[in-house]
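The values are calculated or read from the model by the stated rules, or taken from the named source; none is laboratory data. Note that the structure is predicted; figures quoted are calculated from it, not measured. Here the Cβ is made from the backbone with ideal geometry for all residues, glycine too, and neighbour counts use every protein chain on show. Surface accessibility is based on the protein's heavy atoms, side chains included, excluding ligands, DNA and RNA. Shrake-Rupley method; radii C 1.70, N 1.55, O 1.52, S 1.80 Å.
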Amino acid sequence: MSIFRAIFSTDHKSVGKGYLFMGLLFFALGGGLAMLMRWHLAWPKVTDGMPMPMVGRLMNWPGGQMPPDTYNATFSLHATVMIFFVIIPLLVGAFGNFLIPLKIGATRTAFPLLGGLSLWLTLLAGMVLLAGPFLPGGAVWAGWTGYPPLSAMWGAGSSPGMSWPIVPRAMVAVAALALGMFVTLNMFPRDGWFSFITQLAIATLAAFGMVMVIERIAFDGQSAWFLSLLLVGIATVMGAINYLATILKLRCEGMTFFRLPLSVWSLLFAAILVLLATPVLSGAMVMNLMDHHRVSSFFLPANWLAESRIHPEVTGGGYGLLHQHLFWFYSHPAVYVMILPAFGMVSDILSVFARKPVFGYRAMVYAMAAITFLGFFVWAHHMFNSGMNPLLGTTFAISTMFIAVPSGIKVFNWLGTLWGGNIHFTAAMWNAIAFVSLFVIGGLSGIFLASTPVNMHLHDTYFVVAHIHYVLFGGSMFGLFAAIYFWFPKMFGRMMNEALGKIHFFASFIAFNCVFFPMHFLGTRGVPRRFYDISDIASFKDLQPLNVFITFSAFVLGIAQIPFVLNFLGSLIWGRRATANPWNVTTLEWTDAASPPAVTNFENPALVYRGPYEYNNPLVEEDFLPQSRLIK
Amino acid sequence: MKWDVAPILASSWWLPANHSEHGSGFDGLFTLILWITVGIFVLIHIVLLTSLIRHRNRPGRTKAWFIHGNNRLEIFWTIIPAIILTVVSLLSTRVWQSYHAMRDIGQPDAVRVLVIGQQFKWNVIYPGPDGQLGRYLLYPSTTDERWPDGQRFRGSNGPAALPQEKREEAINAYIEQINPLGKDLTDPLGTDDDWRNALARDLVVPVGRRVEVYLASRDVIHDFAVPLMRVKMDTIPGTIGLLTFMPTKISADEPGGAYDIVCEELCGTGHYTMRGRLVVVDNAAYERAEHVMVTP
């Protein structure tokens, strides 16, 4: 039973590691979905003679070729998995939980139960999402943006009240049981066989109830998708409340706000964004679910036909653009939720391996504050051509242009941090440098999209696909790789292999650019995203060879992750034992805590005397001066 | 599997040709932003690479500089990008406003056309000689006493006269057979509209005249995009959008004799098959064309 106590622990370090493993598993899934898409896009026709290997036969596709509805489901799931179950859980969930208390000198988070609950609820949300493809109505089809009325239609042959097949039911039941076990074990923390059986019984009962409710709400892939986003939204808000309270209330003595490491600042701002924006998404998802069940018509107009049939039960009067406003009011701030923590962690890592204080620490904090604030005023730049008043676009174009100013400040300060440093090229450092370079490309392509006239040509083309992948893969994912290489010793007490790390980095960096840079050209030509096949269209036909090149590169990028997997799993077992501070870092998690940290995090209550980036301070002989060291 | 670099390099990677009046301004802005961003990219990467090479850890280099920042530099790299972005914003706004100045409705020589999206085809409706469009997308409801065309359908004067369980099916059949676009047959403006063969036909417009495309949808959101005209707008069910442009070149030279209309908003399984043809003809040919003369 102690094994259950360990798995369902409320300790912030366990929760963080739980998020890490879950996020990496989902990353493998999302990457696999991307491979399926890329294979199809390179050889979209049966006559190409390149049927999908293995998967085509397994799924019994005609000619081994992915059908269009499966393609739509694949990109919808790829985006949803990557955004809601990889990047946000890894950045905010894994590193937020693990790092915040350690970096601010706290022994725990403010609400440990809430932290654990958010992890297990995220797992349940993920299972609800993955149950979708197994439901009678088929997988989600409306993209990760889920625009109604397309998303308000029903999957073929499904209707509310249908019972689920055994596979999705079992998937959701397992996650629900885990959530139940977490709650019962921590609410009635008693040991012994008898109480364990009681706890298990209560959890089973609760799981049974949850599965029944979920089955009733979600009857096809699309409604499962809505429900999944509702649940994952609740989970991230739980996490955000926990981080905010922890940072505001549990800082150790001497840890003033302007002595907080930038990673903690960035997680603070990300938590504010989550707290203020996510309820809007949750509201939109509830409205969509109600529309889906035909008990309301928030987004459905009168005289609406679906599949050429009238729907007398839809009262009408709804407006599809309302969903877009609500969705982007969440989803644009969500982009900053996905990039701010990476900003913060990369700032930490650049400073450590340049052996130099972060350049313009306060400017970095103010820039993040400005991004957080402005982040709430740019959402409609996703909607310039949506049919909203085009002149309203001007407002959002200008606010979007100006959010580039604080982003620019951050980039220039990173350059300032590197300049004059004593740069050590570790795997973590390479990834952090790549983050800066790739984020610059993603940021600059954003200026094209912010300009309303240019956007009219580029909107919903591959240019947007290139842009978001430069920001979210080139930015967030490379930032995450840097963070994993950097904090792995603290998390697991062992070092990762540097050589494998560098192989992984260089292969990924080159392949990444070969995959996503050409997409700018596809977009410039006007090739639409979410398109099953361009090879029949006269205007785009000649670009098909470029698609094949992108696919080759995508598979190289996929294969380039193998060294990372080997390194990660191998280092867990065979990695060199880490000392408490292998990188000579100044911040609290390295100086006052063992690797991996004890239950209480610190042996003695932490005490802080100075800012977080005192590298090469002339007061001391070594090239770093920890925050907690007292100098007479 | 053959692998050849030549066809990749042979394909054009630049903006497609522009055949609209406003498009040159859009493309100019694109090029301007491209030069600015390329400049910034190169500058940043020169500094980055120099720093990585010059300030790398190597034998003899043990110390880094100990500085926490420089307020003058901060002000410098806040203000310079702000100025550049202000200029880009102002230029964007100017181009955008001058494009939308075209929207002033009621110009006498403008050509109007209603485009209704449905899964996965475009309907093209011409206004007829009066140049005015009628009302569309109004479908019978189960409580209506009369069918919209005033005729008997399935042996009844209206859906309400049918037994409860047959009404919905009868309306669906009526929509499919008689009035797929929900035309309001009582609207006097629409009596001369050319709407009967609207499904999946060419959108024919004259060169050198302003085209007002009114956009609507029967079922889900579609997107009416013509890359070579630099226009793009979603069709929202329940509302009517307006998109304007002025073609500057007839489409006879294009492959297939038409510009591609592409749906650029995910609209379902057949999204990728939803294409239309924009045929631009000279004015004389347009005046002769059947759809301008047609009477119901």
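The Rg/Rh ratio for region B:151-296 is 1.03, where Rg is the radius of gyration of the alpha carbons and Rh is the Kirkwood radius. Need one word for region A:485-554: rounded, prolate or oblate. Basis is the Cα gyration tensor (sqrt eigenvalues a ≥ b ≥ c); a/c below 1.5 gives rounded, then a/b vs b/c decides. It comes out prolate by the Cα gyration axes. Do the alpha carbons of any pairs in A:LYS490/B:LYS63; A:LYS249/A:LYS502; A:LYS249/A:LYS356; A:LYS410/A:LYS632; A:LYS541/B:LYS232 sit beyond 32 Å of each other, and which pairs? Violating the 32 Å Cα-Cα cut-off are A:LYS249/A:LYS502; A:LYS410/A:LYS632. Rounded to the nearest 20 debye, the dipole size of the protein assembly as shown about its Cα centre is 3240 debye, using +1 on the Cβ of Lys and Arg and -1 on the Cβ of Asp and Glu. Per residue, the convex hull spanned by the Cα atoms of region A:1-51 measures out at 82 cubic angstrom. Would you kindly calculate the mean projected area, averaged across all directions, of the convex hull enclosing the Cα atoms of region B:73-143, in square nanometres? Hull-based average projected area comes out at 10.6 nm².
Against the compact-protein benchmark of 2.2 N^0.38 Å, the Cα-based radius of gyration of region A:222-380 scales to 1.36. Set against the 2.2 N^0.38 Å expectation for a compact globular protein, region A:401-504 has a Cα radius of gyration ratio of 1.28. Going from the chain on its own to the full set of protein chains, region B:135-168 has these residues losing 30 Å² or more of accessible surface (heavy atoms, 1.4 Å probe, no ligands, DNA or RNA): B:TYR139, B:GLU168.
Working note: Cα gyration tensor of region B:1-155, eigenvalues times five, square-rooted, sorted largest first, giving semi-axes of 59, 24, 20 Å.
A Cα-only calculation for region A:34-87 places Rg and Dmax at 11.9, 38 Å.
For region B:10-168, with all protein chains present and a 1.4 Å probe, just round the carbon and sulfur fraction of the accessible area to a whole percent. That fraction is 61 percent. Axis of helix B:23-54 versus longest Cα principal axis of chain B: the two differ by about 30°, to the nearest ten degrees. Summing Lys and Arg as +1 and Asp and Glu as -1 over all other residues whose Cβ lies under 11 Å from the Cβ of B:ASP282 gives a net charge of +2.
Which value at 222 nm does chain B reach when only helices count, each DSSP H run of 4 or more adding -39,500 (n - 2.57), with the total divided by all residues and rounded to the nearest 500 deg cm²/dmol? Helices in chain B give a 222 nm mean residue ellipticity of -10000 deg cm²/dmol. Here the translational diffusion coefficient of region A:85-169 follows from Stokes-Einstein with Rh set to the Kirkwood radius across Cα pairs; for 20 °C and 1.002 mPa s it amounts to 136 µm²/s. Once you divide the Cα radius of gyration of region B:139-226 by 2.2 N^0.38 Å, the number left is 1.36.
Both radii were evaluated on the Cα set of region B:22-93; the Rg over Rh quotient, with Rh as the Kirkwood radius, amounts to 1.18. Principal axis analysis of the Cα atoms in the protein assembly as shown yields extents of 97, 68, 52 Å, listed in decreasing size. Approximating the spin labels as points 7 Å out from Cα along Cα→Cβ, the B:LYS166-to-A:VAL565 distance works out to 6.2 nm. The aspartates and glutamates within cross-link reach of B:LYS166, meaning a Cα-to-Cα straight distance under 16 Å and a gap of 8 or more places when in the same chain, are A:GLU313, B:ASP144, B:GLU145, B:GLU176. Accessible area per residue (1.4 Å probe, heavy atoms of protein chains only) ranks A:LYS410, A:LYS45 as A:LYS45, A:LYS410, with the largest value leading. If you average the C-alpha positions of region A:440-460 and of region A:487-564 separately, how far apart do those two centres end up, in angstrom? Distance between centres, Cα-based: 21 Å.
At a probe radius of 1.4 Å, what is the per-residue accessible area of A:ILE468, in Å² to the nearest 10? The accessible area comes out at roughly 60 Å². Please work out, to two decimal places, the log10 of the ratio I(q)/I(0) at q = 0.11, 0.14, 0.15, 0.21 Å⁻¹ from a Debye calculation in which every Cα of region A:1-141 carries one identical scatterer. Rounded to two decimals, the profile gives -0.53, -0.73, -0.79, -1.17. In terms of Cα atoms, the Rg and Dmax of region B:73-206 work out to 24.2, 83 Å.
When A:ASP291, A:ASP592 are compared by accessible surface with a 1.4 Å probe, the order from highest to lowest is A:ASP592, A:ASP291. With all protein chains present, how much of the accessible area of region A:83-225 (probe radius 1.4 Å) comes from carbon and sulfur, to the nearest whole percent? That fraction is 77 percent. At 0.890 mPa s and 25 °C, plugging the Kirkwood radius over alpha-carbon pairs of region A:503-632 into Stokes-Einstein gives what diffusion coefficient in µm²/s? Using the Kirkwood radius from Cα pairs, D works out to 125 µm²/s. Buried surface between chains B and A: roughly 9100 Å² of accessible area, summed over both sides, computed with a 1.4 Å probe on protein heavy atoms only. Counting only other chain Cβ atoms within 10 Å of each residue's Cβ, the peptide A:356-367 averages 4.
The helix-based estimate of mean residue ellipticity at 222 nm for chain A, built from -39,500 (n - 2.57) per DSSP H run of four or more residues and divided by its residue count, is -20500 deg cm²/dmol to the nearest 500. Ranked from largest to smallest solvent-accessible area, with a 1.4 Å probe on the protein heavy atoms, B:LYS166, A:LYS17 come out as B:LYS166, A:LYS17.
Using a probe radius of 1.4 angstrom, the carbon and sulfur fraction of the accessible surface of region A:331-457 is 80%. If the reach is capped at under 19 angstrom between alpha carbons, list the aspartates and glutamates near A:LYS103, excluding any in the same chain fewer than eight residues apart. A:LYS103 reaches A:ASP11, A:GLU253, A:ASP348, A:GLU589, A:ASP592, A:GLU603, A:GLU614. Looking at region A:232-318, the pairs of alpha carbons with a distance over 23 Å make up 49% of the total.
The Kirkwood radius of chain B, taken over pairs of alpha-carbon atoms, gives through the Stokes-Einstein law at 25 °C and 0.890 mPa s a diffusion coefficient of 104 µm² s⁻¹.
Centre-to-centre separation between the Cα atoms of region A:567-624 and those of region A:309-379: 30 Å. By a 1.4 Å probe calculation restricted to protein chains, A:CYS514 has an accessible surface near 40 Å², given to the nearest 10. Histogrammed with a bin width of 5 Å, the alpha carbon distances of region B:6-48 distribute as 5, 18, 16, 16, 15, 17, 9, 3, 1 percent, first bin at zero. With the cut-off at 25 Å, report for region A:99-253 the share of all Cα pairs above it, as a whole percent. Counting every Cα pair in region A:99-253, those more than 25 Å apart make up 42 percent.
Rounded to the nearest angstrom and listed largest first, the equivalent-ellipsoid semi-axes of region A:136-189 from its Cα gyration tensor are 32, 15, 9. In the assembled protein chains, B:ARG56 presents an accessible area of approximately 90 Å² (probe radius 1.4 Å).
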